[in-house]
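First the structure, in the form of structure tokens, and then the observations on it.
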Amino acid sequence: MTNQILDEKDIGWLQDQAVYIAAAIRHAMEGFHGKHLSDEQMKELNPIIRNAIYTAMYGAMVYKQSAKASRYVAYIRSMIPDYWEAAALLVDFNDTSDRVPRDPAEPG
């Protein structure tokens, strides 16, 4: 897709973030996957999730500069049910973050 709104660096960053977020979703779904989805189904689901994340993030970044993105964001937001609660940290966030060595280049 030709992109005139974001440069290649921004596109690469968005793609990397989408993969990172998709990996977090995949990790969070592990129990569900084991009970309800085959490995083949997960293999098919993973790119759908990654691409949806990337598309949503892209739309959120450029909606002010793009009528198409603005319509997409408005449409997706209109599909959010009233009963969805606010996002929350996963229970294993603190446990996992304590086990992973901190990158010395990261602040804090």
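A dipole drawn for the chain from +1 and -1 charges on Cβ atoms has a positive end, and of 37, 61, 94 the residue lying farthest that way is 61. The stretch between residue 5 and residue 76, if pulled fully straight at 0.36 nm per residue, gains 23.5 nm over its current Cα-Cα span. To the nearest ten degrees, helix 67-78 and the longest principal axis of the Cα atoms of the chain are 40 degrees apart. Candidates (1) 16.7, 44; (2) 15.2, 49; (3) 13.8, 47; which is the computed Rg and Dmax of the Cα atoms in Å? For Rg and Dmax of the Cα atoms in Å, the calculated option is (1).
Quick note: the coordinates plus some simple rules give every number you see, no bench work behind them. Because the structure is predicted, anything quoted here is derived from the model rather than measured. So basically every Cβ, Gly included, is an ideal-geometry build from the backbone, and we count neighbours across all protein chains shown.
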